Amino acid sequence: MTKLKVSYTCTECGAMSPKWSGQCSDCEAWNSLTEVAMATTKSALLNQNSRFKGYAGVEEIAVVGLASIPTSLEIRVSSGLTELDRVLGGGLVSGSAILIGGDPGIGKSTILLQTLSNLSQHCQALYITGEESLQQVKLRAERLGVAEMQLQLLAETQVERILEIAAKVKPQIMVVDSIQTIYTELLQSAPGSVGQVRESAAQLVRYAKQTGTALFLVGHVTKEGTLAGPRVLEHMVDTVLYFEGDPDSRFRVIRAVKNRFGAVNELGIFAMTDRGLKEVNNPSAIFLSRYNEPVAGSVVMVTWEGSRPMLIEVQALVDESHLANPRRVTVGLEQNRLALALAVLHRHCGVVTYNQDVFVNIVGGVRVTETAADLAMLLAVVSSLKNRALPHDLIVFGEVGLAGEIRPVQSGQERLKEAAKHGFKRAIVPFGNAPKSPIDGMEVLPIKRLSDALLHV
Ligand code: TYD
Ligand code: MG
């Protein structure tokens, strides 16, 4: 093994220091120095670089024409779960590194064990567990009904030993659960520290690129909501998947936030059952479970997730506030967006909320990031404020501009068709999204300004 020296580098400014201290001497950031392994001699450096051979092209440095590079057909292997394939952009690519993050207990180990067992029927699959014992994995496999599969297991946490064994087993798919438990002997810091996570992941990813192994890394979300500290792994891997869901609800959503092999913001929807995660094939209305009676403060919107529409319920509660700074709380939506929308509501429609606490929630633990939720959010707020229920068969979508105008959103037609399919009869939509030909059974009310929308509340 090449002798490597340990050094400390600042995560904020990149300054190097031979010893650790609480504050970076260059940029004066606190607590930003992390341990990194450094090659000391030229030969060691070369040796380290040669591990990149064929992947970053370190060996032969020459200029090539883009057109002259042969395109090798990207071969995708289905994971056996179509919803997972969808977020991966159509299946697993060999040599790709995928980071799958999420809160503890959300189902990361479960879905990977299911996927790997499926895949082990056609190829060599290796599951490395750093968190659970082999018996625990076996018990889970029995529960999932996959205990008889040809899956190879390894309980190990040292990355050098993992790579040694992987070189013998030659898996085509490998799972490391979780990267926070893995450590490298090059560094002295504890497993789970930024330096350890980064260095171990780098070694594993390098191995995956070299051998064409598809690699899954499981990452826990730290208290701050980022993956293993300051998102240290996201730039190293090809794909970042994120597991979301309300712990109380049985639905789980996998979202791609980065994907070098497909579209991002694609969603895969699963339901947690007593026999593992099952796919939800027609998810567009699973988050809609409404009272039969129309209630004030509730609006249904059609959101666009990746490549398909989804119906969700936006709820608002507006209540008299006794605080100097009334509360603006959102769950599943961006809080700043609510503050902005309320300002537009006041300025352009004269609706006052500065003496009111405003709470907005997306039912079912879904998170909506698109601006098409603006109009639904505001209609829910006004409906709650006036204590007047909106019609039960109404759907809404549209972006609210700062001038009080309603702006069109993408895929308006598809959203309306999806709502019509689920029996909605009326729609308040931006003028720019009004359909050219009528949609069966759907009365569309196109609007230009926010004040027009409030006439319907
Ligand atoms: P797990 O995959 O261990 O979570 P993670 O690896 O993300 O920490 O998920 C465990 C949870 O899922 C646990 O709360 C129990 C539940 N579960 C089921 O409901 N059904 C099942 O068949 C399995 C295996 C787990
Ligand atoms: Mg786990």
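The values are calculated or read from the model by the stated rules, or taken from the named source; none is laboratory data. For clarity, every value in this text was computed on a predicted model and none was experimentally measured. Quick reminder, even Gly has a Cβ in these numbers, built from the backbone with ideal geometry, and neighbours come from all protein chains shown.
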message: Quick check on the stretch 195-212. Is at least one of its residues within 15 Å of the chain's Cα centre (by Cα), at pLDDT 90 or above and either not in a helix (DSSP H, G or I) or not β-branched (Val, Ile, Thr) (or both)?
response: no
Note: among HIS220, HIS235, just one is within 16 Å of ligand 1 (Cβ to nearest atom), closer than 24 Å to LEU88 by Cβ and surrounded by fewer than 21 Cβ atoms within 10 Å (Cβ to Cβ), namely HIS220
Restricting the stretch 66-81 to residues that are surrounded by 10 or more Cβ atoms within 10 Å (Cβ to Cβ) and among the β-branched types (Val, Ile, Thr), the one modelled with the highest pLDDT turns out to be VAL77
Of the listed residues (ALA380, ALA419), the one being within 23 Å of VAL331 (Cα to Cα), under 28 Å from the mean Cα position of the chain (by Cα) and part of a helix (DSSP H, G or I) is ALA380
Taking the stretch 440-457 and keeping residues in contact (Cβ under 8 Å) with a residue 24 or more places away in the chain and not in a strand (DSSP E or B) leaves MET442, LYS448, LEU450, SER451, ASP452, ALA453, LEU454, HIS456, VAL457
| said: Condition check: under 17 Å from ILE173 (Cα atoms), assigned by TED's automatic domain parsing to the domain that holds GLN196, more than 24 Å from the chain's Cα centre (by Cα) and part of a helix (DSSP H, G or I). Does ILE162 satisfy that? | reply: yes
For ILE428, indicate whether it is β-branched (Val, Ile, Thr), within 21 Å of PRO309 (Cα to Cα), buried (at least 16 other Cβ atoms within 10 Å of the Cβ) and in contact with a Leu (Cβ under 9 Å, 6 or more places away or on another chain). yes
Within the stretch 82-97, the count of residues that are β-branched (Val, Ile, Thr), more than 18 Å from CYS123 (Cα to Cα) and either more than 24 Å from the chain's Cα centre (by Cα) or crowded, with 17+ Cβ neighbours inside 10 Å (or both) comes to 1
- Message: Residue under question is GLN180, and the condition is that it be in a helix (DSSP H, G or I), within 16 Å of ligand 2 (Cβ to nearest atom), crowded, with 17+ Cβ neighbours inside 10 Å and at pLDDT 85 or above; does it hold?
- Response: yes
Residue set LEU187, LEU139, LEU144; condition in the same structural domain as GLU234 (by TED's automatic domain parsing), within 16 Å of ligand 2 (Cβ to nearest atom) and touching a residue at least 12 places away in the same chain (Cβ under 8 Å); output residue LEU144
